[in-house]
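This report refers to the structure that appears directly beneath it.
Here, each number is a calculation from the coordinates, and none is a lab measurement. Because the structure is predicted, anything quoted here is derived from the model rather than measured.
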Amino acid sequence: MLALAIGIYSIRKKKVIFPTFVLFMLYLFYAPVKWVFHAFSMNDLLVDEILVEIQNTVYLNKFKKQTERKVILLPQCLRSSECRARCDPLYGFICTKCGRCDVGEIMKEAEKRDFKVFVVPGSSFVKKIFKEYRPTSCIGVACPVELSESMQKTSVIPSQGVYLINDGCFETKVNVADVISKMELVSPIPNESVLKTITLSDLEKKGDV
Ligand code: SF4
């Protein structure tokens, strides 16, 4: 309960204290703590959210330093019910960016920032991807329960978690801006104005020609 209280305090104050202690205790007593929440009709997802937020903070600096083989793991439930993507036995669903769901939008943004996106049908695919692709960092999108569990399992590489907006395992949603802001932590795209090509008329206005 002390670890839980510290975790809640850390999230409210946006300042994580004693992260190792909180993570250790909450993972160790995960089931009993969830049971207590359930018994008192409290939202037990708070436990998972605390775990994810603390993991995000703990791994933030290491995550920012990874520049190669960065991956984003998306759950297959984000796909539209009309999705026609082929499922590769090794890499999961191969999104064609048809525009029917947010996966395509995330793919486009990821390509700009050199992230590889995998739309995974299940945890067995995550193992295969880790073995074959050997990512150095990971952004995971899932519901809080799955995120807290998978972030513990994938703690060998620095990761950042983003929650789904809705639950239900069917046509779920994620805030695409949240996923982009995680990518921006390591691969920010310079402001368009900085990249704007200087034209002859710009120089003429400045009086340089
Ligand atoms: S954008 Fe990709 S994942 Fe979404 S429906 Fe189209 S092919 Fe499927």
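Shown for the chain are no DSSP H helices, since none reaches 18 Å along its axis, judged by Cα atoms, with a mean Kyte-Doolittle hydropathy of at least 0.5. Compactness of the stretch 92-151, taken as the C-alpha radius of gyration over 2.2 N^0.38 Å, stands at 1.16.
Assign one of three labels to the stretch 2-190, namely rounded, prolate or oblate, based on the Cα gyration tensor with a ≥ b ≥ c the square roots of its eigenvalues; rounded applies when a/c is under 1.5, prolate when it is not and a/b is larger than b/c, and oblate otherwise. Mind showing how you got there, number by number?
On the way: a/c = 1.88, a/b = 1.47, b/c = 1.28.
Prolate is the answer for the stretch 2-190, as a/c is 1.5 or above and a/b outweighs b/c.
Could you tell me the center-to-center distance, by alpha carbons, between the stretch 69-144 and the stretch 21-48 in angstrom? First find each Cα centre; the distance between them is then 29 Å.
Remind me, relative contact order of the stretch 2-190 in percent, using alpha carbon pairs under 8 angstrom and six or more residues apart?
24 percent
If the limit is 22 Å between Cα atoms, which of Lys65/Lys128; Lys15/Lys70; Lys14/Lys116; Lys131/Lys153; Lys14/Lys64 go over it? Exceeds cut-off: Lys65/Lys128; Lys15/Lys70; Lys14/Lys116. Working from the Cα coordinates of the stretch 130-181, the gyration tensor eigenvalues give, after taking √(5λ), semi-axes of 21, 13, 10 Å in decreasing order.
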